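The next block holds one structure in the form of structure tokens; read it before the comments.
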Amino acid sequence: NADAAMYHAKSSGRNNYKFYTADLNARAREILAVESQLRFALERSEFVLHYQPQVEFATGHIVGAEALIRWNHPSLGLLGPGRFIQVAEERGFIVKLGSWVIREACRQLAEWRAAGLPEISLAMNLSALQFRQEDLALTLERALSANGLQGHMIDIEVTESVVMEDAEATIQTLDAIKTMGLQLSIDDFGTGYSSLSYLKRFKADKLKIDRSFVRDIPADPDDSAIARAIINMAKNLNMRVVAEGVETVEQWRFLAAEGCDQVQGYLLSKPVPAEDFVLLLKEGHLLPDLGAGRR
Ligand code: C2E
Ligand code: MG
Ligand code: MG
Ligand code: MG
């Protein structure tokens, strides 16, 4: 994304030693500034979760939501994760921030359930660094029990690199997550490197087709073939498959026809604050206006 590209651009002046050093200094200063603001932000409760519905293609029912972090910055306004997650990861702050995400997401889900809203599962993104902490499973267990939730109500999204890691803490945590009955989803599937045997070994429940493969379907034959292959593979391995970043009726039609299970994307809804998500949840379903796609 744009912010990641910015960081890469800043360290790419390798042909000129002086520029490179200056860039490194600027980058280090920027990281220090963001880092100190991040710590402050957590104390000041400046983080907030937004929620994007996950919808069954077949019925249009909202069956889940993905919690996505935002930073309500006092002077810069609402910042997306692209502006701060990388720095949080580089400085190890993601562990503390990630624990907050786990607690807040569980608190919110319990509140919705207590209010009698339709039952959904809540997905949250955890970073590889969190998995290397020995106490991640305990953090999850505590958040579940403190809020009276059961494992199956929570869906943990990780990238391919996490399931491929052979660090002992990561393997144990992935096992513990399955033992507790939590769902495991592989995020951004197809953009990383993973082997099918690892996916089987950790019994992922879901594959999320990365939005880069969704963008140019159905016009691009290669991307269409990749999306189709991921859907078929997931089915054969008994996994559910979710399409990310669906923005057009044409994409929706293609994926629905190929048997994709769930859809998440701006076509149906952007990630929204909790109070707006409640309104969607009360409706219970979201379907695209299929008329809009006719020519
Ligand atoms: P992700 O987990 O792959 O989340 C999906 C991203 O795609 C979200 O961006 C979402 O807003 C965006 N998106 C959804 N539908 C569409 C669409 O139709 N079109 C377009 N263009 N974009 C769409 P967001 O919220 O900016 O998050 C970016 C990434 O930041 C996430 O990617 C995830 O990797 C990371 N992230 C977000 N929240 C957390 C968190 O609490 N913890 C950690 N560790 N990472 C997080
Ligand atoms: Mg995700
Ligand atoms: Mg993704
Ligand atoms: Mg991502």
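Side notes on the structure shown:
- Total residues in segment 112-128, condition crowded, with 19+ Cβ neighbours inside 10 Å and of a type in the set (A, V, I, L, M, F, W, C): 6
- Index of the failed condition, residue 238 passing every other in (1) open to solvent by 70 Å² or more (accessible area, probe 1.4 Å); (2) outside any loop (DSSP other than H, G, I, E, B): (2)
- All strands (runs of 3 or more DSSP E) inside segment 22-89 with 1 or more residues being in contact (Cβ under 8 Å) with a residue 24 or more places away in the chain, crowded, with 17+ Cβ neighbours inside 10 Å and within 16 Å of ligand 2 (Cβ to nearest atom): 47-56, 62-73
- If you go through segment 171-185 and keep only what is open to solvent by 10 Å² or more (accessible area, probe 1.4 Å) and away from ligand 3 (no atom under 16 Å from the Cβ), you end up with 171, 172, 175, 176, 178, 179, 180, 181.
- The residues in segment 123-168 that are among the charged types (D, E, K, R), away from ligand 4 (no atom under 16 Å from the Cβ) and assigned to a helix (DSSP H, G or I) can be counted, and the count is 3.
- For segment 175-207, a tally of residues being outside any loop (DSSP other than H, G, I, E, B) and of a type in the set (Phe, Trp, Tyr) returns 2.
- Among (1) within 24 Å of residue 275 (Cα to Cα); (2) at pLDDT below 95 - the single one residue 148 does not satisfy: (2)
- Selection of segment 99-111 for residues being open to solvent by 30 Å² or more (accessible area, probe 1.4 Å) and over 17 Å from the mean Cα position of the chain (by Cα) yields 107, 111.
- Options 222, 188, 166, 205: the member that is open to solvent by 30 Å² or more (accessible area, probe 1.4 Å), touching a Leu at 6+ places or on another chain (Cβ under 6 Å) and acidic (Asp, Glu): 205
- Here residue 230 clears all of (1) part of a loop (DSSP other than H, G, I, E, B); (2) touching a helix residue (DSSP H, G or I) at 6+ places or on another chain (Cβ under 8 Å) except the condition numbered (1).
- Identity of the residue in segment 44-84, within 13 Å of ligand 1 (Cβ to nearest atom) and basic (Lys, Arg), that ends up nearest to residue 278 (Cα to Cα): 70
The values are calculated or read from the model by the stated rules, or taken from the named source; none is laboratory data. Just so it is clear, the structure is predicted and the values come from calculations on it, not from any experiment. No Cβ is skipped: glycine too gets one built from the backbone with ideal geometry, and neighbour counts run over all protein chains shown. Only protein heavy atoms, including side chains, enter the accessible area calculation; ligands, DNA and RNA are left aside. Shrake-Rupley method; radii C 1.70, N 1.55, O 1.52, S 1.80 Å.
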